[in-house]
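The values are calculated or read from the model by the stated rules, or taken from the named source; none is laboratory data. Computed from a prediction, not measured in an experiment: that's the story for all the values here. Every residue, glycine among them, receives a Cβ derived from its backbone with ideal geometry; neighbour counts consider all protein chains shown.
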Amino acid sequence: MTRPSTRTRYMAGMVVDATGSGMYLPLSLLFFHHVTGLPIERVGVIMTAAALFSLVGNPVAGVLVDRFGARAVVVGGYLVRAVGFAAYPLVDSPLTMFLAVALVALGDGSYPPSIQSFVAAIARGADRDRLLAAQRSLRNAGLGAGGLIAGAALGLGSDAAYRVIVLVSAAAFAGAALILRTIPVPGGRARTAGRAATARRGGGYRLVLRDRTFLALTLQNVPTAFGYMVLSVALPVYVTQELGVPTSLVGVLYAVNTVGIALLQIPVTRRLIRYRRTRTVAAGAATFGVSFAAFALLAGVPARPVALAGVFAATALFTLGEMLHGAPLSALVSSAAPEETHGRYMAVYQFSWAIPITLAPAVLTALLGVSPASMWLLLAGGVACSALTVLRLESRLPARAVHPGISEDPEETQPEDRRAATATQKAGVE
């Protein structure tokens, strides 16, 4: 019997992971409130404090990826989270809750740099864009399915339902680890030996910090990362309190985004891979800007039906921007990093997401309190700056990063070659 392909196994792992995550994420606060009897506010403080360990897991994972390979770190991170989730039903005090959540947070922090490096190891060129697009699509579907399963389980009104959900989530992470462990990495042993030799020669994160082009590529993502957070943080408050949209429709807006990406990300990416990634990323950021400007204009619309239609149109634009921006940016950043220090590069880049995710609830709600329209316009200006920065960096990035159709040679990964790299094979490439 023929073994499933690398792509099939990878996507199966992502679906299992996302379904388990989707079951737990909607009820994380409720679970510990139910198990420990602590007030929701105190549960939130403990979870936030423990979640800071993810910021530790990120740079540590970057070093481990460069030394032992991405697959080992991805699998290890899954197993750490599986153990953490399996311990959740045993929580009986604030201390044990903190320790269990901190363990899961370490695994969470290791995931972004290791999975980015793993994708870079098993897919190159346009195949990387396709794989990342399929990942985004199926993860959205898995998260949605997991949420529905969790909702149905909690509808039973049983105390055991909470424990079953977290144990199933633990099993999902363990299952994802077993699936991804079977995926072969081309030239895995030789690459791991090369990475270990590079690590022994020293340099570490100093190599990344000396690469000004990559740092600029990382920093430009910060305003856009804040933009991504509006769907879960600012939009529900804005549309219900400022525009008078019924609370019940907030979930529908979220569904427009998640279902849209699940259904359309793959066909959209198929059309995008003929273009330069930098242009696609910039177009995505610009589309975000248009959607934010549309949300700002809705603040002055007195007619409720018009405002409601405008909210759905602006959310659809936001979803389009995410499809244009997300997968191509991941492929661009991943392809811009040298293979020998790929883990460290991805760990540094991940801070452009981690910091906005941490600060967004406080920053966006504060801006909403000052002036909702100003918040949207500030976000629109930020993503416009991101778009312009990506376009300005295009000539300094390696050709293999800019053009999906150019095959990647592992030997051409040194930062000092970036300025000259795009001079090759530009003719005839969109």
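Please go through segment 83-95 and pick out each residue that is surrounded by fewer than 23 Cβ atoms within 10 Å (Cβ to Cβ) and either at pLDDT 90 or above or of a type outside the set (S, T, N, Q) (or both).
Listed by number, the residues that qualify are Val83, Ala86, Ala87, Pro89, Leu90, Val91, Asp92, Pro94, Leu95.
Condition first: more than 30 Å from Val45 (Cα to Cα) and under 23 Å from the mean Cα position of the chain (by Cα). Now tell me which residues in segment 359-381 satisfy that.
Matches in segment 359-381: Ala380, Gly381.
Does segment 242-250 contain at least one residue that is assigned to a loop (DSSP other than H, G, I, E, B), within 30 Å of Leu209 (Cα to Cα), outside the structural domain of Leu138 (by TED's automatic domain parsing) and out of contact with any Leu (no Cβ under 6 Å at 6 or more places or on another chain)?
No: segment 242-250 contains no residue that is assigned to a loop (DSSP other than H, G, I, E, B), within 30 Å of Leu209 (Cα to Cα), outside the structural domain of Leu138 (by TED's automatic domain parsing) and out of contact with any Leu (no Cβ under 6 Å at 6 or more places or on another chain).
Please give the helices (runs of 4 or more DSSP H) falling wholly within segment 1-66 in which 3 or more residues are surrounded by 19 or more Cβ atoms within 10 Å (Cβ to Cβ) and modelled with pLDDT of 85 or more.
6-24
If you check Arg212, Arg201, which single one turns out to be basic (Lys, Arg), more than 28 Å from Arg7 (Cα to Cα) and modelled with pLDDT of 85 or more? Please lay out each step first, then the result.
Numbers: Arg201 fails: modelled with pLDDT of 85 or more.
From the options Arg212, Arg201, the qualifying one is Arg212.
For the subset of segment 275-309 comprising residues that are assigned to a helix (DSSP H, G or I) and among the basic types (Lys, Arg), which member is surrounded by the most Cβ atoms within 10 Å (Cβ to Cβ)?
The qualifying residue surrounded by the most Cβ atoms within 10 Å (Cβ to Cβ) is Arg277.
Does Arg81 fit the bill of being closer than 26 Å to Val164 by Cβ, among the basic types (Lys, Arg) and in contact (Cβ under 8 Å) with a residue 40 or more places away in the chain?
yes
Restricted to segment 318-343, and to residues that are farther than 16 Å from Leu391 by Cβ and of a type in the set (A, V, I, L, M), which residue is surrounded by the fewest Cβ atoms within 10 Å (Cβ to Cβ)?
Across segment 318-343, the extreme among qualifying residues is Leu320.
Residues in segment 312-323: is at least one farther than 14 Å from Ala225 by Cα and without any contact (Cβ under 8 Å) to a residue 24 or more places away in the chain?
Yes, the conditions are met somewhere in segment 312-323.
Hey, does segment 34-47 have a residue that's under 21 Å from the mean Cα position of the chain (by Cα) and not polar (S, T, N, Q)? Can you show your working first?
The initial filter retains those residues of segment 34-47 that are under 21 Å from the mean Cα position of the chain (by Cα), namely 47.
This time we only want the ones that are not polar (S, T, N, Q), so: 47.
Yes: one or more hits.
Can you give me the number of residues within segment 162-176 that are closer than 18 Å to Phe31 by Cα and either without any contact (Cβ under 8 Å) to a residue 60 or more places away in the chain or not aliphatic (A, V, I, L, M) (or both)?
Of the residues in segment 162-176, 4 are closer than 18 Å to Phe31 by Cα and either without any contact (Cβ under 8 Å) to a residue 60 or more places away in the chain or not aliphatic (A, V, I, L, M) (or both).
Can you name the condition, by its number, that Val250 falls short on among (1) out of contact with any Gly (no Cβ under 6 Å at 6 or more places or on another chain); (2) under 21 Å from Tyr345 (Cβ atoms)?
Every listed condition holds for Val250 apart from (2).
Here is a yes/no grid of residues against (1) in contact with a helix residue (DSSP H, G or I) (Cβ under 6 Å, 6 or more places away or on another chain); (2) among the charged types (D, E, K, R); (3) over 15 Å from Val239 (Cβ atoms); (4) in contact (Cβ under 8 Å) with a residue 60 or more places away in the chain:
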{"site": "Arg270", "(1), (2), (3), (4)": "no, yes, yes, yes"}
{"site": "Arg276", "(1), (2), (3), (4)": "yes, yes, yes, yes"}
{"site": "Thr280", "(1), (2), (3), (4)": "yes, no, yes, no"}
{"site": "Thr287", "(1), (2), (3), (4)": "yes, no, yes, no"}
{"site": "Ala296", "(1), (2), (3), (4)": "yes, no, no, yes"}
{"site": "Pro302", "(1), (2), (3), (4)": "no, no, yes, no"}
{"site": "His325", "(1), (2), (3), (4)": "yes, no, yes, yes"}
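Condition first: surrounded by fewer than 19 Cβ atoms within 10 Å (Cβ to Cβ) and small (Gly, Ala, Ser). Can you find one or more residues in segment 100-122 that meet it?
No: zero hits.
Quick check on Ala87: is it closer than 24 Å to Glu339 by Cα and without any contact (Cβ under 8 Å) to a residue 24 or more places away in the chain?
no
Would you point out which residue out of Gly125, Gly76 is under 23 Å from the mean Cα position of the chain (by Cα), closer than 30 Å to Tyr275 by Cα, small (Gly, Ala, Ser) and surrounded by fewer than 21 Cβ atoms within 10 Å (Cβ to Cβ)?
Going through Gly125, Gly76 in turn, just one is under 23 Å from the mean Cα position of the chain (by Cα), closer than 30 Å to Tyr275 by Cα, small (Gly, Ala, Ser) and surrounded by fewer than 21 Cβ atoms within 10 Å (Cβ to Cβ): Gly125.
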